[in-house]
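Peer 1: A single structure is presented below for examination.
The values are calculated or read from the model by the stated rules, or taken from the named source; none is laboratory data. Model, not experiment: these values are computed from the prediction. Positions of Cβ are generated from backbone atoms using ideal geometry, with glycine treated the same way; all protein chains shown enter the neighbour counts.
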Amino acid sequence: MDIETGDPQSPQAPKNHVDLVIATYTNIRTLHPILQSLFRDDNLKNAFLEAVDREKALIMERSQDLEDHEISKYQKAFVTMIEDEEYENNAGALELFLYEVMGFKKSETRLQMEKEILSYLGVMRALDQGERRGDQ
């Protein structure tokens, strides 16, 4: 559905949804408190940014046409917002990653989020190690 006209058949509908997501998250200028905390540790910061890069690469391997249903509007908005190589301070893109790509709920406590992020990073590290072993 086209957000502006309400026309469900509009060819612009998916793009408008992506634009709306981008507009919502672009207004965020301060890193989420959980990321501020995480980024104080260079190892955790690097692991998180590697996870972001991995997710971006996975999304980019799929069709970018939303009508093919291979990616969501949130994933499309995410990769659009981090096209710039210097995205680590893009608070909006990283918050979009937390809530819309990783699937955190805004009602989750800081402790829950920290625990889940650390678990996620552990899984990503294990995948990376497995890939490196497979390349040998």
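Yes/no per residue for (1) at pLDDT below 90; (2) under 20 Å from D84 (Cα atoms); (3) in contact with a His (Cβ under 8 Å, 6 or more places away or on another chain); (4) assigned to a loop (DSSP other than H, G, I, E, B):
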| residue | (1), (2), (3), (4) |
| --- | --- |
| P11 | yes, no, no, yes |
| L20 | no, yes, no, no |
| T24 | no, yes, no, no |
| L31 | no, yes, no, yes |
| N46 | no, yes, no, no |
| V52 | no, yes, no, no |
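Peer 1: Mind checking which residues of the stretch 62-112 are within 21 Å of N27 (Cβ to Cβ), among the basic types (K, R) and touching a helix residue (DSSP H, G or I) at 6+ places or on another chain (Cβ under 7 Å)?
Peer 2: Matches in the stretch 62-112: K73, K76, K106.
Peer 1: Can we say S37 is surrounded by 15 or more Cβ atoms within 10 Å (Cβ to Cβ), among the polar types (S, T, N, Q) and more than 15 Å from the chain's Cα centre (by Cα)?
Peer 2: Spelling it out, S37 is indeed surrounded by 15 or more Cβ atoms within 10 Å (Cβ to Cβ), among the polar types (S, T, N, Q) and more than 15 Å from the chain's Cα centre (by Cα).
Peer 1: List, please: which pairs have Cβ atoms under 8 Å, are six or more places apart or on different chains, and start with a residue in the stretch 86-106 that is of a type in the set (S, T, Y) and end with one that is modelled with pLDDT under 90?
Peer 2: Cβ pairs passing all conditions: Y99/K105; Y99/K106.
Peer 1: Would you be able to tell me the number of residues in the stretch 100-119 that are surrounded by fewer than 16 Cβ atoms within 10 Å (Cβ to Cβ) and under 20 Å from L58 (Cα atoms)?
Peer 2: 3
Residues are listed down the side, and each one gets a yes or a no for (1) over 12 Å from the mean Cα position of the chain (by Cα); (2) within 23 Å of N16 (Cα to Cα); (3) assigned to a loop (DSSP other than H, G, I, E, B):
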| site | (1), (2), (3) |
| --- | --- |
| E70 | yes, yes, yes |
| G92 | no, yes, no |
| G103 | no, yes, yes |
| L127 | yes, no, no |
